[in-house]
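Reviewing the structure listed below.
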């Protein structure tokens, strides 16, 4: 194998590693495999990452019309819009096929990584994760401003996380100002649902909480942190880059015209 081919193979292996960690850390209630497509569906929560077709092999691009139609019936049964999540593991032929049928693209996100060590988290404040799931959910909904109707599904997703999940809240004057979930999965520490309350941003609360969460995971054996962030979220990207996170790859969603 050439040096270029070896590098491409290693890059795909790295992406598969993070994709697998993402599936474990934010589990859908139903996962169906169509060859190497992971069809994830969740009746209790509408998030696209929980309700999407995830191609996992660049060479799997056969019988597209038939397979998409089969998936469409599953999505319709769940009351979810048919959605592809397109990462570098997806064959370019799938994107060309969707382009030809007028599917729209939306929701580009970056996957980022950060090596963990004393240099990164050594000075971070020790913080013990919450045991009270209800308290965390209440704080997260307050900080994010989520609709109350999403609470049961959100709670179900967090309750279904199989690796160790640390629930973190940072409070100021007895009110939550920042929240995050840190999922410790072997040598990886994944960050999810990171947010700082509107009106409290730019004061260092998010940085302080994230470093405490990563310190917790590092003390449990995690050697690398990772996260997903929307490409349009300039404030979050600035924070993560200032902490040393670097981009690994990007993904986006595709839906039939009028749905994206």
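Tell me, yes or no, whether region 197-211 has at least one residue that is surrounded by fewer than 23 Cβ atoms within 10 Å (Cβ to Cβ), in contact with a strand residue (DSSP E or B) (Cβ under 9 Å, 6 or more places away or on another chain), under 17 Å from residue 137 (Cα atoms) and touching a residue at least 24 places away in the same chain (Cβ under 8 Å). So far as region 197-211 goes, yes, one or more of its residues are surrounded by fewer than 23 Cβ atoms within 10 Å (Cβ to Cβ), in contact with a strand residue (DSSP E or B) (Cβ under 9 Å, 6 or more places away or on another chain), under 17 Å from residue 137 (Cα atoms) and touching a residue at least 24 places away in the same chain (Cβ under 8 Å).
Any residue at all in region 67-85 that is surrounded by fewer than 14 Cβ atoms within 10 Å (Cβ to Cβ), within 24 Å of residue 189 (Cβ to Cβ) and out of contact with any strand residue (DSSP E or B) (no Cβ under 6 Å at 6 or more places or on another chain)? No: region 67-85 contains no residue that is surrounded by fewer than 14 Cβ atoms within 10 Å (Cβ to Cβ), within 24 Å of residue 189 (Cβ to Cβ) and out of contact with any strand residue (DSSP E or B) (no Cβ under 6 Å at 6 or more places or on another chain).
Checking the structure you have, find out if any residue of region 25-47 is assigned to a helix (DSSP H, G or I) and touching a helix residue (DSSP H, G or I) at 6+ places or on another chain (Cβ under 9 Å). Walk me through how you get there before you give the answer.
Step one: of region 25-47, the residues assigned to a helix (DSSP H, G or I) are 25.
Filter once more, keeping what is touching a helix residue (DSSP H, G or I) at 6+ places or on another chain (Cβ under 9 Å): none.
No.
Condition (residue is in contact with a helix residue (DSSP H, G or I) (Cβ under 9 Å, 6 or more places away or on another chain) and part of a helix (DSSP H, G or I)) applied to region 66-88: is it met by at least one residue? Yes, that holds for at least one residue. The single residue among 144, 184, 126 that is under 19 Å from the mean Cα position of the chain (by Cα) and either surrounded by 21 or more Cβ atoms within 10 Å (Cβ to Cβ) or over 28 Å from residue 20 (Cβ atoms) (or both) turns out to be 184.
Look at residue 16 and say whether it is within 17 Å of residue 89 (Cβ to Cβ), touching a residue at least 60 places away in the same chain (Cβ under 8 Å) and out of contact with any helix residue (DSSP H, G or I) (no Cβ under 8 Å at 6 or more places or on another chain). Before the answer, list the steps.
Working: within 17 Å of residue 89 (Cβ to Cβ): yes; touching a residue at least 60 places away in the same chain (Cβ under 8 Å): yes; out of contact with any helix residue (DSSP H, G or I) (no Cβ under 8 Å at 6 or more places or on another chain): yes.
Criteria met by residue 16.
Would you check if there is a residue in region 100-107 being under 21 Å from residue 190 (Cα atoms) and either in contact with a strand residue (DSSP E or B) (Cβ under 9 Å, 6 or more places away or on another chain) or touching a residue at least 12 places away in the same chain (Cβ under 8 Å) (or both)? Full working, then the answer.
Quick first cut of region 100-107, residues under 21 Å from residue 190 (Cα atoms) only: 107.
Still in the list and also either in contact with a strand residue (DSSP E or B) (Cβ under 9 Å, 6 or more places away or on another chain) or touching a residue at least 12 places away in the same chain (Cβ under 8 Å) (or both): 107.
Within region 100-107, one or more residues are under 21 Å from residue 190 (Cα atoms) and either in contact with a strand residue (DSSP E or B) (Cβ under 9 Å, 6 or more places away or on another chain) or touching a residue at least 12 places away in the same chain (Cβ under 8 Å) (or both).
For region 89-119, residues that are in a helix (DSSP H, G or I) and touching a helix residue (DSSP H, G or I) at 6+ places or on another chain (Cβ under 7 Å) total 2.
Just to confirm my filter: which strands (runs of 3 or more DSSP E) fall fully inside region 164-260 and include at least 2 residues that are within 30 Å of residue 7 (Cα to Cα) and modelled with pLDDT of 95 or more?
175-185, 188-196, 224-230, 246-255
Consider residue 155 carefully, then state whether it is part of a helix (DSSP H, G or I), surrounded by 11 or more Cβ atoms within 10 Å (Cβ to Cβ), touching a helix residue (DSSP H, G or I) at 6+ places or on another chain (Cβ under 8 Å) and modelled with pLDDT under 95. Write out each step before concluding.
Details: part of a helix (DSSP H, G or I): yes; surrounded by 11 or more Cβ atoms within 10 Å (Cβ to Cβ): yes; touching a helix residue (DSSP H, G or I) at 6+ places or on another chain (Cβ under 8 Å): yes; modelled with pLDDT under 95: no.
It is false that residue 155 is part of a helix (DSSP H, G or I), surrounded by 11 or more Cβ atoms within 10 Å (Cβ to Cβ), touching a helix residue (DSSP H, G or I) at 6+ places or on another chain (Cβ under 8 Å) and modelled with pLDDT under 95.
Residues that are assigned by TED's automatic domain parsing to the domain that holds residue 193, touching a helix residue (DSSP H, G or I) at 6+ places or on another chain (Cβ under 6 Å) and within 28 Å of residue 199 (Cβ to Cβ): does region 140-150 have at least one? No: zero hits.
The values are calculated or read from the model by the stated rules, or taken from the named source; none is laboratory data. Note that the coordinates shown come from a computational prediction; the quantities given were computed from them, not determined experimentally. Reconstructed Cβ throughout: ideal geometry from the backbone, glycine too, with neighbour counts over all protein chains shown.
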